[in-house]
Every structure is written in structure tokens, then in C-alpha cells.
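Before any comments, here is the structure.
The values are calculated or read from the model by the stated rules, or taken from the named source; none is laboratory data. Note that the structure is predicted; figures quoted are calculated from it, not measured. So basically every Cβ, Gly included, is an ideal-geometry build from the backbone, and we count neighbours across all protein chains shown.
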Amino acid sequence: MEFAIRFGADAVYLATDRFGMRARADNFSLDDMPRVVDYAHERGVAVHVTCNTQMYERDLDDLADYLRVLGESGIDAFIIGDLGAFSLAREQAPDVDIHVSTQASISNTRAALTWYNLGAKRIVCAREMSLADIAAMRAALPDDLEIETFVHGSMCMAVSGRCLISDFMTDRSGVAGNCAQPCRWKYALQEETRPGQYFPIEEDDRGSYIMNAKDLCMLEHLDALREAGVNSLKIEGRNKKAFYVATVVNAYRQVLDGADPADFMGELDTVSHRPYGTGFYFGPAHQTPQDDRYTRNYHWAFEVVESEGGIATGLCRNRFAEGDELEVLSPHEPVRTVVVRDLRYVGVDPDHPGFPPAADVFPGPVQVANRTMELYSFTCPFELSPHDILRIKA
């Protein structure tokens, strides 16, 4: 959340440990929420909380109290996909805006107007809508009903993520936020009279991944989304590392503010991703049947804690060495490079306690930084800012 805000997000969406579609993530606790809201609001950023899993009768009693407590924490909006949860949110937290989740699969004007008449402030379009259909829907909707669309991140092969394959194959429900992602697995056919003999459906040297969706990337088409009347652009980033969040948010922020997309498409290749596509915006979406692995071109090497007098001090995130060239990611700045010179081990950061220093590791010059979340320093010809990210090619 801190890195999303620092690198330019106008709002963050998140979950607590219940009723969110990323049940396996290290989510916030309900007790965290007042502090989370204060942190975001002090920086002019809105907080939207997901409450978009499929709701069952057994959820309703707890859900009412849960929505009330979230409302009291000062959040700006719920992201909801269930009518029962919607009505409870209106009762328990009437001052909190309601955004209708993509889980509701809104893909036509009548559906959008129905939610609007119930009190929705914003709809998150079904990911299966084309840009032309979104523009046509925008023209038919009231001006005060906002439209949000996904612009970047993982895609699901099922309609708006409502998939039952995981539940069937692993007893882990996708609609309850615990998907095992069987669409990313390698599949082959077995002929009935030839047990144990498998026939790949579409073969390369590793197998076939017939349901493995490409990642969404709309960085080059933000003007088209503006012209279609989209109010809010949503980056899918939960279950991702802070390095990913910072890099992607920074690229979209800079292009929205007028930078040339060509200057930042390469930035999106530095983070873990599958092959990119434009989803359903300009036609049918495509799969990437050759491989389920992420492309990972860079590692987060160093997080700046302070920079003064030509010396940058910060936390080692991944291994780097004297003489390595690091790239600097800083909000509202072009990417710069620095060669590591005069590398020194500093010690354990008391604000980020990790394992204690080894007995044979003392502050002083070193050739390699390899103690994760411990402090190192090196000379830098320009000033850096706390929480700047320095990365290194993988």
C-alpha cells in the first residue's frame, strides 16, 4: 500500500482477512483499518475495501458487523458483487460509497442502471467488455455513475473470474477467494484404451497450457480509455510484491500525466509477468498456451533509507555487488543508473529487524551485499529519496 501511494495511485483497493477474493494473501486485519485509512487519507488517497466473494447464509450475521466496523474506520468505498452484501452495506454503513465488483459481470446498460438505482456509485465493468461497448454504455448512463475498468495484471479464463474448476479439482473455491489456478496447469489427453499414455493438446518441449490467459496491459491505450468515458483505471496487484506495485503504478501514473507510453512499456517488462495482451478491449482475448512461467527480468536490489552527502544507505533486497549497475526507480523521475562504488556493510536496521548479524560480519567495506533486509551503503552521484527502488538485471 505504501509503495502504491508513493508511486502515484489515487486510490488503493485492499481486503481484510475476510470476504475478499485473495484469501491466501497476507491481508490487513480489521483492527489495522483505522491506521490504514489515516495513512492513505493523510496523503490524499482513497481506500476501497473488497467484500466481493460469493456470500452464503452462514456469512450474513458476521457480515453485518463486519461492514459496520469497516464503515466506522472511515473507508471510502466497498467493492461488492453480491446483492445481499450490497443491501447490508447500505444499512450498516450508509455513508460509504458502494462500487459494484467485476464479480457481478456488469456488461450492459440495464444491469448498470439497476445497480445505480439501488445506490451504487461506481461499476467495475466485466472484463469481457470491448472498448466500443464500454463507450456505448457510458453514453447511456447518468454522469454521476462512475465506470472503472481493469487496465493491467492477471486475467482469468472464466467469465469475470466466476470459475468452478478449482473447486471441482482441488476443493478450493475460486469464488470464495481461494483459487488454485488450475487454468495455469499443463494438460494432456489420455485415450481410453491406452491408460498411462498421454497426448499433449498443443505441444512444445514443456507441454501445453490451453487455458493460460495472457496478462492484461493497456498502457499504450490510456487515451482511448479516456475517450470512452472511463473514470477510473484499476491495476490488479494484490498477491504481488511491492517492487511490482511500485513499477507498474509508476508507469501508468507517468503516462497518465503525459509521458510517452513508448518510454514506459519497457518498465513493465522489468517485473514478473506473463506475455502481455489487451484482453477483450479490441477483440477476443488470447491465451498463452506455451508456458505457465512468469518472465522475470529484474530483481529488486536495494531500498533507500537515507541519502546524504553522496552516500546512499538502505536495505538489501536481493544480492548485488561492487561494480554492478543498478537502475533507480523514483516517483515522477526518469529512470537513472548508478554503478555501485565503495560498497559497505552497515548493519541491522532497527526499524526492519531481521536475523542478527553473524559473528564474523562487521561494519565496513565488502564486495557483495547479500544479507537481506540489512543495511548497506555506497556512493551515489545524485541524491536519492527514502523508499526509492534500485533494481538489477536478473
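A compact table of results
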{"item": "Odd one out for VAL248 among (1) free of Cβ contacts under 8 Å to residues at least 60 places away in the same chain; (2) more than 13 Å from LEU131 (Cβ to Cβ)", "result": "(1)"}
{"item": "Among the candidates ALA85, ALA77, residue that is at pLDDT 95 or above and within 24 Å of VAL12 (Cβ to Cβ)", "result": "ALA77"}
{"item": "Residue selected from region 1-21 under the condition among the β-branched types (Val, Ile, Thr) and closer than 21 Å to LEU67 by Cα, by the criterion modelled with the highest pLDDT", "result": "VAL12"}
{"item": "Enumeration of residues in region 69-86 that are closer than 17 Å to ASP17 by Cβ, of a type outside the set (A, V, I, L, M) and part of a helix (DSSP H, G or I)", "result": "SER73"}
{"item": "Conditions (1) basic (Lys, Arg); (2) over 30 Å from LEU375 (Cβ atoms); (3) assigned by TED's automatic domain parsing to the domain that holds GLU383; number of the one not met by ARG319", "result": "(2)"}
{"item": "Exclusive hit being out of contact with any strand residue (DSSP E or B) (no Cβ under 9 Å at 6 or more places or on another chain), more than 22 Å from LEU233 (Cα to Cα), modelled with pLDDT under 95 and assigned to a loop (DSSP other than H, G, I, E, B), set ARG58, ARG24", "result": "ARG24"}
{"item": "Within region 40-55, tally of residues that are assigned to a strand (DSSP E or B) and either at pLDDT below 90 or of a type in the set (Lys, Arg) (or both)", "result": "1"}
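For every residue, the table says whether it meets (1) over 17 Å from GLY8 (Cβ atoms); (2) surrounded by fewer than 15 Cβ atoms within 10 Å (Cβ to Cβ); (3) not charged (D, E, K, R); (4) not assigned by TED's automatic domain parsing to the domain that holds GLU128.
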{"residue": "ALA242", "(1), (2), (3), (4)": "no, no, yes, no"}
{"residue": "TYR252", "(1), (2), (3), (4)": "no, no, yes, no"}
{"residue": "LEU256", "(1), (2), (3), (4)": "no, no, yes, no"}
{"residue": "ALA262", "(1), (2), (3), (4)": "yes, yes, yes, no"}
{"residue": "HIS273", "(1), (2), (3), (4)": "yes, no, yes, no"}
{"residue": "PRO284", "(1), (2), (3), (4)": "yes, yes, yes, yes"}
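Residue by residue, here is whether (1) touching a Leu at 6+ places or on another chain (Cβ under 7 Å); (2) crowded, with 20+ Cβ neighbours inside 10 Å holds:
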residue: ALA11; (1), (2): no, no
residue: THR16; (1), (2): yes, yes
residue: ASP26; (1), (2): no, no
residue: LEU30; (1), (2): no, no
residue: VAL36; (1), (2): no, yes
residue: ARG43; (1), (2): no, no
residue: ALA46; (1), (2): no, no
residue: TYR56; (1), (2): no, no
